[in-house]
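Chemist: What follows is a single structure, and I will ask about it in a moment.
The values are calculated or read from the model by the stated rules, or taken from the named source; none is laboratory data. If you're wondering where the values come from, they're calculated on a predicted model, not measured in any experiment. All Cβ positions, glycine included, derive from the backbone under ideal geometry; neighbour counts span all protein chains shown.
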Amino acid sequence: MFRKIKTIYLSILSILIGMKVTFKNLFAKRVTLNYPIEKQPMKKNFRGMVDLIPEACVICYQCIKICPTAALDLAHKTITAEEKKKNEITKFTFNAELCCFCGLCEEICPTDAIFLNKMYEVSVFSHDQIIDIDLMKDDKYTHISQDYDFKKEALKMAKPVKPAVAKPAITTPAKPAETPAANSPALTATAVQDAPKEEPKQDTSGANDNQNPANPNTPKT
């Protein structure tokens, strides 16, 4: 009898503890999404599928050289336009099966033409859908995800332009007036000219010797 009462008591207690947690979170803010209707935006450092801005590419082949799995393939030709020779891309493809999503191609690109977008839903029914993806097309991934928009992806990866800060004007301090040195010839000549002239003293020693001490007006005999 006691065992049955204990079992009923513990059952009611466990229900109350569970309901306490339920009522505590019943009116709390929702932490889940109604997927796939609602989708969580990816973080800044997320690496998705390789994407390209064709007009920004300078055909330097740095991304092709650094790719560790040879997932990128690039070819070009030289054409003449307005009497000037320039290079034009004829083929730029991406093999998602080989890509390891390391992001080295994005880091080494000198013009930020190649980047990894924020796509994470890349399930397909055939291997051919993720092999030889033409990066020159704007709708390159619409066959994988209907929500793909090249302009939005490029806008997400656009780096903010830092406003130019005007540099303060450099002003050189005025030099103090130079004072001539004490031993300079100019100062010495000026000092000599400004000094008062002393009158020459008359030598009266000879005249005193010829005078008579008794009568100074009469000379000695």
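Chemist: Could you grab me the full set of residues in the stretch 35-74 that are among the aliphatic types (A, V, I, L, M) and surrounded by 12 or more Cβ atoms within 10 Å (Cβ to Cβ)?
Modeler: Answer for the stretch 35-74, where residues must be among the aliphatic types (A, V, I, L, M) and surrounded by 12 or more Cβ atoms within 10 Å (Cβ to Cβ): MET42, MET49, VAL50, LEU52, ILE53, ALA56, ILE59, ILE64, ILE66, ALA71, LEU72, LEU74.
Chemist: Here's something else I'd like to know. Would you confirm, using the coordinates I've provided, whether ILE59 is without any contact (Cβ under 8 Å) to a residue 40 or more places away in the chain, farther than 28 Å from GLN129 by Cβ and either part of a loop (DSSP other than H, G, I, E, B) or aliphatic (A, V, I, L, M) (or both)?
Modeler: No.
Chemist: Of everything in the stretch 80-122 that's under 23 Å from MET157 (Cβ atoms) and among the small types (Gly, Ala, Ser), which residue is surrounded by the most Cβ atoms within 10 Å (Cβ to Cβ)?
Modeler: Of everything passing the filter in the stretch 80-122, ALA113 is surrounded by the most Cβ atoms within 10 Å (Cβ to Cβ).
Chemist: Under 20 Å from GLU153 (Cα atoms) and of a type outside the set (Gly, Ala, Ser) - does that describe any residue in the stretch 63-73?
Modeler: yes
Chemist: With respect to the numbered conditions (1) at pLDDT 90 or above; (2) within 22 Å of LYS156 (Cβ to Cβ); (3) assigned to a loop (DSSP other than H, G, I, E, B), which one is the sole condition not fulfilled by ASP51?
Modeler: (3)
Chemist: Tally up the residues in the stretch 75-93 that are within 18 Å of MET136 (Cα to Cα) and either part of a loop (DSSP other than H, G, I, E, B) or under 30 Å from the mean Cα position of the chain (by Cα) (or both), please.
Modeler: Number satisfying all stated conditions: 1.
Chemist: Further question: Sort through LYS162, LYS156 and tell me the only one that's under 29 Å from LYS43 (Cα atoms), modelled with pLDDT under 85 and not in a loop (DSSP other than H, G, I, E, B).
Modeler: Answer to the selection: LYS156.
Chemist: Check the stretch 127-134 and report whether any residue there is modelled with pLDDT of 65 or more, within 28 Å of the chain's Cα centre (by Cα) and under 27 Å from LYS39 (Cβ atoms).
Modeler: No, there is no match, as no residue in the stretch 127-134 is modelled with pLDDT of 65 or more, within 28 Å of the chain's Cα centre (by Cα) and under 27 Å from LYS39 (Cβ atoms).
Chemist: What are the residues in the stretch 94-120 that are acidic (Asp, Glu) and either assigned to a strand (DSSP E or B) or within 32 Å of the chain's Cα centre (by Cα) (or both), if any?
Modeler: Within the stretch 94-120, GLU106, GLU107, ASP112 qualify.
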